[in-house]
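J.: Submitted below is the structure of interest, expressed as structure tokens.
Bear in mind these aren't lab numbers, they're just calculated from the coordinates by the rules spelled out. All values reported here derive from a predicted model rather than from experimental measurement. Positions of Cβ are generated from backbone atoms using ideal geometry, with glycine treated the same way; all protein chains shown enter the neighbour counts.
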Amino acid sequence: MVKTNVKIGGLELKNPVLTASGTFGYGLEFADFVDLDKLGGFIVKGTTLNAREGNPYPRSAETPLGMLNAVGLQNKGVEYFAQNIYPQLKDLDTNVIVNVSGACIEDYVACAERVAALDKIPAIELNISCPNVKQGGMAFGVQPQSAAEVVAAVRKAYPKTLIVKLSPNVTDITEIARAVEGAGADSVSLINTLLGMAIDSEKRRPILSTITGGMSGPAVKPIALRMVWQVAKAVKIPVVGIGGITTGKDAIEFLLAGASAIEVGTANFMNPAVTGEIVDYIEDYLVRHNMSSVDELIGALQV
Amino acid sequence: MVKTNVKIGGLELKNPVLTASGTFGYGLEFADFVDLDKLGGFIVKGTTLNAREGNPYPRSAETPLGMLNAVGLQNKGVEYFAQNIYPQLKDLDTNVIVNVSGACIEDYVACAERVAALDKIPAIELNISCPNVKQGGMAFGVQPQSAAEVVAAVRKAYPKTLIVKLSPNVTDITEIARAVEGAGADSVSLINTLLGMAIDSEKRRPILSTITGGMSGPAVKPIALRMVWQVAKAVKIPVVGIGGITTGKDAIEFLLAGASAIEVGTANFMNPAVTGEIVDYIEDYLVRHNMSSVDELIGALQV
Amino acid sequence: MKKYLADLTIIEVQKLNASCVLLTMTDDKALPQCRPGQFAELRVDETPTVMLRRPISIHSFDASKNEIGFLVQVVGDGTRWLASLAKGDKVNVLLPLGNGFTLPEDNGARLLLVGGGVGSAPLYGLAQELVKRGNDFAILIGARSEKDLYRRTEFEALGRVEYTTEDGSLGEKGYVTNHSLLNEKFDYIYTCGPKPMMMAVAKYAREKGIPCEASLENKMACGLGACLCCVEDTTEGHRCVCTDGPVFSIEELKW
Amino acid sequence: MKKYLADLTIIEVQKLNASCVLLTMTDDKALPQCRPGQFAELRVDETPTVMLRRPISIHSFDASKNEIGFLVQVVGDGTRWLASLAKGDKVNVLLPLGNGFTLPEDNGARLLLVGGGVGSAPLYGLAQELVKRGNDFAILIGARSEKDLYRRTEFEALGRVEYTTEDGSLGEKGYVTNHSLLNEKFDYIYTCGPKPMMMAVAKYAREKGIPCEASLENKMACGLGACLCCVEDTTEGHRCVCTDGPVFSIEELKW
């Protein structure tokens, strides 16, 4: 029996497989296809202090082996989550992590405080990298100082495991990663989406209502892998790898690059059962390579 | 008869279709498949003052609808080009542009000066964004000040059309574009490759000898399109669009986003005849949409 | 309602015209019960350029034969790939999705089904159900031209069907909203087709005070209410066409 | 030499085993003259994950029949797609590429062709040519096991063929460089196969002072000498396997 469990700060995962915020709903939408308790955990959709309607339709565009989205953090607000969603999730035997967003530091803090009060939520993922909201979001995540400020403020207010989701739309992601590590983050997750654009050449119009949006899917994997590799060498806190992970092989690649856990995102749209399949692949891989623990894979790239 | 000619600084192109440096050799390699005189021009492979052996094999990796390369500017040096290649190109009825690279400002300047002495080379593309060389290359291109310095130095030494090729691996590409515009560039071309990585999960090794490399191909198109859109609004000089252009439709999208010309890169590897096909598509598009000139397309995106 | 993910087997491919095929599929296991107006997400990522599943409305569903039919109109690489499949091929299908049409309580009610082009696809399954239930209904289908009207014999076998074509090649010339059938009295309207057509039908229904349901076709990713890409701006804000819809009462829509 | 880009038609697909097929293709127009050891780049970007062409060595070329043969071993999605093609399908092919083997001036010379597994593919075309020219040659093919040896009857029809298998299931047990055939005297060696095997053959040739040519299989993109991805580190620095090769004299190689 191989050991697949990993630790992210104080967070114990039975295996490294998580889901990316905004691609797995509140988990329940996928319960017909995946035994949620089989996952290391899942990260529920971006939650803000107050309800948000998000951006106008169209919010998505297909690109070569990728997609753009411009949802803009549509959600009913943290209180609605606490009252209506949390009760349906609290008895699951897996880690339910809330992705927390905000337009200003005060909102981030207030939202994180409300989530902290929910016993069965062991961690939050702080989204300082959403490219689809006018204020806040990515603005915080592309400068080390503003990134550190929001993380420091939330750190004071949030005692449990604090994962900070980083933007890839920067010159040097290691600089941002070190800044948030210094500000008290327990872990960094990367990458959030790359800012992209799609055009209808016949209509001569942008496809998204917001003109630009966040790119995800297999197409971004090489960039994500590179950034995870760079950041894993730059910080001491565990790294959660995200970006185009579609197969078990992809997951192994991110672990080898230095990720202690991974998030499956867009692939959930192609195959809603994919997360369970990736959990199985990792176990089989360890057996096939005579490894006793997934720890032997993390950062084990031979260079 | 529709007008397809465009102007890049002092450079007259019979149509907006160019080829990306390093993907079209010296043009001659493709003469069996494309009438070179049919193109707006082509940009020969990265040329440096002195000969370079480039990076060890393996230098390429396939990624989802993309590829990574780590050639590292292998070339025989500008003097070899002047003596042995230029004579084979000088009588073509198209624009032959030399992509100039260097490890330090002096090398850039000396190389540009040597190319300036070649009558039939009307322009250079200054490569301040190559991700595959240790010194110079991308290092210059990711900071506005260093980018402006090398451009200003070359500007003094090079009287003809100066196109500066920008790196996408930055937080704000418009900042770099404005800096090189201020330093005297006649045009900016973007995007160069995105820094990426590929791993062999079974061998547990990087696929490239250099671990990371430059990503190109259809996968990067949405990012390139977004950056062209941003830069075209930020500068007054013409923009040359590059990044995953594989079809005539793709080319139209970049023109709509604000590019005055486009470079076809990785697509030459899938279909060595693609550039000629794109020239035809643009003409047909203009006819089909009752446009008399390609100028009506440039930046014509309706937002 | 439980959703299924299965590799269905194509048992028949019927080319309806150059750009439209009817795919009939089955499975070794019993297909889940599907209601008229529901849809499925068909996996197409064997194609080089397309990655996301294609949402296709359920055209016909026969529990006794364990068969389900999808009318596929080729609009891009994904649907082109689907249309290229042959008998015996398997397609990974996610179903049933969405709410489906509301079936009338009052069996005396007179129902009108208004479809446009390939958008009429789900109305066939609805009409089959209405026949079973003994409802009184008429079908009105509009298209650009006669060749854009699909499955006429099958529709006509279910009840009265009227047509309009923009070029007058079949039925009354013009748009569905100009058809003389609309002079008759109806108690409830179901519509599916191009948005402009459905908006015109909705306008008509509002004027006459007839309750009306429209089936929307917004661009989707997950089909499960997770990605929030396919939202329609309703009277209650942005709602997912994939889970809150695809069928909405026009009272909920901001048309 | 002029290169051609054409949609060739598959006229025969021969499954040689679970993972290897022989594709025979033709064209309405005359195929360009191809020399033994040259290769072609086959377009495979109908597959979702693979974009670049696949370089495949020319296994056989018959100008009179206007036929060309490619031995395709399935190693990834691209070759899997090629192996899935059927008679009548078209493949976009770029050819002829590379330099090919040097044919001996001296017809008295005794030649040895050493192949490994599917790497023996181009040696078949070479042997065909040597028969035409009346050269004296022997063929030595090594593989893991008998089932990994392809086209034996066809090879044997061209002349003397010896085998080695690692499991001893056919011919002498062990590696090609241990085969008793090497006790005989040869004036020139051609080799193609896995790099370790070719390096062992090169070592043997150096020791015996026999001139030797090896055909390399570095990963390629363009196949035209433009991208500089497939370089081999030679005595004259990095050179393109696609245009300076794929065949190199071992004197040029740093093995």
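J.: Work out the length of the dipole vector of chain B about its Cα centre, built from +1 on the beta-carbon of each Lys and Arg and -1 on the beta-carbon of each Asp and Glu, and round it to the nearest 20 debye.
T.: Details: 26 positive and 31 negative charges, 127 e Å.
Result for chain B is approximately 620 debye, rounded to the nearest 20.
J.: Report the antiparallel proportion of the DSSP beta bridges in the range D:110-252 as a percent, rounded to a multiple of 5.
T.: Counting only bridges with both partners in the range D:110-252, antiparallel ones make up about 25 percent.
J.: For q values of 0.19, 0.23, 0.26 Å⁻¹, compute log₁₀ I(q)/I(0) with the Debye formula on a Cα-only model of the range B:133-213, without solvent.
T.: For the requested q values the scattering log ratios are -0.79, -1.02, -1.21.
J.: Take the Cβ-Cβ distance between B:GLU296 and D:LEU5 as r, set R0 to 30 Å, and report the resulting FRET efficiency rounded to the nearest 0.05.
T.: 0.35
J.: Over all distinct Cα pairs, what is the inverse of the mean 1/r for the range D:4-97, reported as the Kirkwood hydrodynamic radius in Å?
T.: On the way: mean 1/r = 0.0765 Å⁻¹.
For the range D:4-97, inverting the mean 1/r across all distinct Cα pairs yields 13.1 Å.
J.: Shifting gears a bit: Just to confirm the numbers: B:ASP295, label point 7 angstrom along the Cα-Cβ line, distances to the other copies in nm, shortest first?
T.: 7.0
J.: Give the angle, between 0 and 90 degrees and rounded to the nearest 10, that separates the Cα long axis of helix D:121-133 from the longest principal axis of the Cα atoms of chain D.
T.: 70
J.: Something else now. Mind jotting down a quarter of the surface of the convex hull over the alpha carbons of the range D:110-252, in square nanometres, one decimal?
T.: Result: 8.7 nm².
J.: Compute the distance in nm between two label points, each set 7 Å from the Cα along the Cα-to-Cβ direction, one at B:GLU79 and one at B:ASN50.
T.: It is 1.1 nm.
J.: For the range C:100-201, state which GluC sites (Glu not before Pro) are in a DSSP loop and have at most 11 other beta carbons lying within 10 Å of their beta carbon.
T.: Those that pass, being in a loop and sparsely packed, are C:GLU105, C:GLU184.
J.: For the range D:37-154, state the average projected area of the convex hull of the C-alpha atoms over all orientations, rounded to one decimal in nm².
T.: The Cα convex hull of the range D:37-154, projected and averaged over all directions, gives 8.5 nm².
J.: Given label points at 7 Å from Cα along Cα→Cβ, what nm distances, shortest first, separate A:PRO87 from the same residue in every other copy?
T.: For A:PRO87, the other copies' label points sit at 8.7 nm, shortest first.
J.: While we're looking at this one, here's another question. With helices defined as uninterrupted DSSP H runs, which ones in chain B have an alpha carbon span along their own long axis of at least 27 Å and mean Kyte-Doolittle hydropathy of at least -1.0?
T.: Answer set is empty.
J.: In the protein assembly as shown, if the dipole is taken from +1 on Lys/Arg beta carbons and -1 on Asp/Glu beta carbons about the Cα centre, which of A:ASN99, B:ILE85, C:CYS212 is farthest to the positive end?
T.: A:ASN99
J.: Shifting gears a bit: With a cut-off of 8 Å between alpha carbons and a minimum separation of six or more residues, what is the relative contact order of the range C:110-252 in percent?
T.: For the range C:110-252, the relative contact order is 20 percent.
J.: Here's another thing I want to ask about it. Take the Cβ-Cβ distance between D:LYS173 and C:GLU252 as r, set R0 to 45 Å, and report the resulting FRET efficiency rounded to the nearest 0.05.
T.: 0.05
J.: Related question: With a sphere of radius 15 Å drawn around the Cβ of C:GLU105, what net charge do the other residues whose Cβ falls strictly inside it have (Lys, Arg +1; Asp, Glu -1)?
T.: Net charge around C:GLU105: -3.
J.: Would you mind calculating the relative contact order of chain B from Cα pairs under 8 angstrom and at least 6 residues apart, reporting the percent as a whole number?
T.: 21
J.: Sort largest first and round to whole Å: the equivalent ellipsoid semi-axes of the range D:180-255, each the square root of five times a Cα gyration tensor eigenvalue.
T.: Values: eigenvalues 132, 26, 18 Å².
Result for the range D:180-255: semi-axes of 26, 11, 9 Å.
J.: For the residue pair D:ARG80 and A:ASP37, what label-to-label distance in nm results when each label sits 7 Å from Cα along the Cα-to-beta-carbon direction?
T.: Placing both labels 7 Å beyond Cα along the Cβ direction yields 3.4 nm.
J.: Distance between the C-alpha centers of the range A:242-258 and the range D:27-98? Whole Å please.
T.: 33
J.: Let me ask you something else. Under a point spin-label approximation (7 Å from Cα along Cα-to-Cβ), what is the D:GLN14-D:THR102 distance to one decimal in nm?
T.: Taking the simple label geometry, D:GLN14 and D:THR102 are separated by 3.2 nm.
J.: Taking other Cβ within 10 Å of each residue's Cβ, how do C:LYS87, C:LYS2, B:LYS160 sort, fewest first?
T.: If I rank by nearby Cβ atoms, fewest first, I get C:LYS2, C:LYS87, B:LYS160.
J.: On to the next question. Using the structure shown, select from B:LYS45/D:LYS195; D:LYS3/D:LYS90; A:LYS38/A:LYS90; B:LYS120/B:LYS160; B:LYS156/B:LYS236 the pairs with a Cα to Cα distance greater than 22 angstrom.
T.: Numbers: B:LYS45/D:LYS195 30 Å; D:LYS3/D:LYS90 19 Å; A:LYS38/A:LYS90 15 Å; B:LYS120/B:LYS160 11 Å; B:LYS156/B:LYS236 20 Å.
Pairs exceeding 22 Å: B:LYS45/D:LYS195.
J.: Shifting gears a bit: Send over the Kirkwood Rh of the range C:150-224, from the inverse of the averaged 1/r over different Cα pairs, rounded to one decimal Å. If you can, show how the numbers build up before the last one.
T.: Numbers: mean 1/r = 0.0711 Å⁻¹.
Mean inverse Cα-Cα distance, inverted, gives 14.1 Å.
J.: In addition: Which value, in Å³ per residue, describes the convex hull spanned by the Cα atoms of chain D?
T.: In chain D, the Cα convex hull volume per residue is 124 Å³.
J.: Now for a separate question. Hey, what angle do you get for helix C:195-208 against the long axis of chain C, alpha-carbon based, 0 to 90 degrees rounded to 10?
T.: Roughly 30 degrees between the two axes.
J.: Reported to two decimal places, what Rg/Rh ratio describes chain B when computed on Cα atoms with Rh from the Kirkwood expression?
T.: Ratio of gyration radius to Kirkwood radius: 0.94.
J.: Now for a separate question. List the distances, in nm and shortest first, from the label point of B:GLN143 to the matching label points in every other copy, placing each point 7 Å from Cα along the Cα-to-Cβ direction.
T.: 1.9
J.: Let me ask another. Can you check how the C-alpha radius of gyration of the range B:133-291 compares to 2.2 N^0.38 Å, as a plain ratio?
T.: 1.13
J.: Which entries of D:LYS15/D:LYS87; C:LYS219/C:LYS254; B:LYS221/B:LYS249; B:LYS203/D:LYS15 have Cα-Cα distances beyond 21 Å here?
T.: B:LYS203/D:LYS15
J.: Same structure, new question: Closest to the C-onto-D rotation axis, which residue of chain C has its Cβ, and how many Å off the axis is it?
T.: C:PRO48, 3
J.: Ratio of alpha-carbon Rg to the 2.2 N^0.38 Å globular estimate for the range B:230-276, to two decimals, please.
T.: Dividing the Cα Rg of the range B:230-276 by 2.2 N^0.38 Å gives 1.19.
J.: Share of Cα-Cα pairs in the protein assembly as shown beyond 58 Å, in percent?
T.: Working: 108456 of 622170 pairs.
That fraction is 17 percent.
J.: Related question: Set Lys and Arg Cβ to +1 and Asp and Glu Cβ to -1, take the dipole of the protein assembly as shown about its Cα centre, and tell me which of B:LEU225, B:SER146, A:LEU166 lies farthest positive.
T.: About the Cα centre, the residue reaching furthest to the positive side is B:SER146.
J.: Further question: Could you run the Karplus curve 6.51 cos²θ - 1.76 cosθ + 1.60 with θ = phi - 60° over the range D:169-174 and give me ³J(HN,Hα) per residue in whole Hz, x for Gly and Pro?
T.: My calculation for the range D:169-174 gives 5, 8, x, 7, 6, x Hz in order.
J.: Could you tell me what a quarter of the Cα convex hull surface of the range A:1-107 works out to, in nm² with one decimal place?
T.: Result: a mean projected hull area of 9.3 nm².
J.: For the range A:213-303, which semi-axes, largest first and in whole Å, follow from the square roots of 5 times the eigenvalues of its Cα gyration tensor? Provide the component values of the computation, followed by the final result.
T.: On the way: eigenvalues 80, 67, 18 Å².
With the √(5λ) rule applied to the range A:213-303, the semi-axes are 20, 18, 9 Å.
J.: Can you report the principal axis dimensions of the range A:44-89 using only the alpha carbons, biggest first, rounded to whole angstrom?
T.: Here the spans come out as 39, 21, 13 Å, largest first.
J.: Okay, next question. Given a Förster distance of 60 Å, report the FRET efficiency between C:THR153 and D:LYS147 from their Cβ-Cβ distance, rounded to the nearest 0.05.
T.: Working: r = 55 Å, r/R0 = 0.92.
About 0.60, to the nearest 0.05.
J.: Take the Cα atoms of the range B:55-165, build their convex hull, and give its volume per residue in Å³.
T.: Roughly 126 Å³ of hull volume per residue.
J.: Which of A:LEU28, A:LEU89 has the fewest other C-beta atoms within 10 Å, and how do the rest follow up to the most?
T.: In order of increasing Cβ crowding within 10 Å: A:LEU28, A:LEU89.
J.: What list do you get for C:MET199, C:MET1, D:MET51 if you sort them by fewest beta carbons within 10 Å?
T.: So the residues, fewest neighbours to most, are C:MET1, C:MET199, D:MET51.
J.: Which peptide among B:99-109, C:209-219 comes first, and what is the full order, when sorted by highest mean count of other Cβ atoms within 10 Å?
T.: B:99-109, C:209-219
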